[in-house]
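K.L.:
Below is a structure I'd like to ask you about.
The values are calculated or read from the model by the stated rules, or taken from the named source; none is laboratory data. Since the structure is predicted, the reported quantities are computational estimates derived from the model, not experimental observations. Please note: Cβ atoms are built from the backbone with ideal geometry, for glycine as well, and neighbour counts cover all protein chains shown. Just so you know, the surface numbers come from the protein's heavy atoms only, side chains and all, with ligands and any DNA or RNA stripped out. Shrake-Rupley method; radii C 1.70, N 1.55, O 1.52, S 1.80 Å.
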Amino acid sequence: MKILSIWNQKGGVGKSTLAIHLAAGYAAKGLKVGIADMDTQRTCLTFFNNAENPEFTVFKDFPSEEKSKDLDVLICDHSPERSSDNDPVDFSDLVIIPICASAVDAWSTLPAVESLTNRKDFKKLIVVNRFQKARKLMADFVGVGGFEHDLIINERAIYARTLANFSTVYAPRKLSTAYGLKSARTEIDELIKKIEEKI
């Protein structure tokens, strides 16, 4: 079983949205997927409890070996704080660090990434999330000589719209013809490809 952690000590960067769509992306490939909802907001658990025929399972906190034994992929949606109970490096094969394209996000994210990189065998993937290329400050942030990152996920209304219907871009309940579905799926598929390369 692969264990992936989605973590950043900066809140509001889209960790839960990314976790849910990443889980759906892996499930669309025929894999058995679970999310460990380790965030006190319990966004992933709320999604799961309200979704019709969810493509994956969500556990409150990290599941026991018995509960997770049949999974191919476990995605951990961490709360922003970092503690001995919430340290993504301790048990993950890869830590995915979403960041919004702003100096404020970088101020809190960079020291956190540096503290993790001191750990042995630490593997990370930095995702610029909710990117809007039309916004010059964001474009400058990730431009030539800008913030080091592995992948960009664009700001797309379809991510929020599907979640509002307790569905995903892979199983868009009531939104099967909505604008942006194909592009969003392509982005998540590219994220999965990058994850597999890193691991």
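K.L.:
Looking at Phe122, Phe147, Phe131, Phe166, can you tell me which residue is of a type in the set (Phe, Trp, Tyr) and modelled with pLDDT of 90 or more?
P.N.:
So the residue among Phe122, Phe147, Phe131, Phe166 that is of a type in the set (Phe, Trp, Tyr) and modelled with pLDDT of 90 or more is Phe166.
K.L.:
Just checking, how many residues over the stretch 161-189 are part of a helix (DSSP H, G or I), of a type outside the set (Gly, Ala, Ser) and open to solvent by less than 70 Å² (accessible area, probe 1.4 Å)?
P.N.:
6
K.L.:
All but one of (1) part of a loop (DSSP other than H, G, I, E, B); (2) crowded, with 19+ Cβ neighbours inside 10 Å; (3) at pLDDT 95 or above hold for Ala24; state the number of the condition that does not hold.
P.N.:
Every condition holds for Ala24 apart from (1).
K.L.:
Under 9 Å between Cβ atoms, at least 6 apart or on separate chains: pull out the pairs that start in the stretch 151-171 with a residue that is at positive phi and end on any residue that is open to solvent by 50 Å² or more (accessible area, probe 1.4 Å).
P.N.:
Phe166/Thr46; Phe166/Phe48; Phe166/Asn49; Phe166/Asn50; Phe166/Glu52; Phe166/Arg173
K.L.:
Something else now. Looking at Val13, Val89, which one is of a type in the set (A, V, I, L, M, F, W, C), within 16 Å of the chain's Cα centre (by Cα), within 25 Å of Arg185 (Cβ to Cβ) and in a loop (DSSP other than H, G, I, E, B)?
P.N.:
Of Val13, Val89, the one residue that is of a type in the set (A, V, I, L, M, F, W, C), within 16 Å of the chain's Cα centre (by Cα), within 25 Å of Arg185 (Cβ to Cβ) and in a loop (DSSP other than H, G, I, E, B) is Val13.
K.L.:
Something else now. Among (1) outside any loop (DSSP other than H, G, I, E, B); (2) open to solvent by 10 Å² or more (accessible area, probe 1.4 Å), where does Cys76 come up short?
P.N.:
Against the list (1) outside any loop (DSSP other than H, G, I, E, B); (2) open to solvent by 10 Å² or more (accessible area, probe 1.4 Å), Cys76 comes up short only on (2).
K.L.:
Where residues in the stretch 28-73 are open to solvent by 30 Å² or more (accessible area, probe 1.4 Å), closer than 20 Å to Lys10 by Cβ and not in a helix (DSSP H, G or I), which of them is modelled with the highest pLDDT?
P.N.:
Step by step, filter the stretch 28-73, then rank; the result is Arg42.
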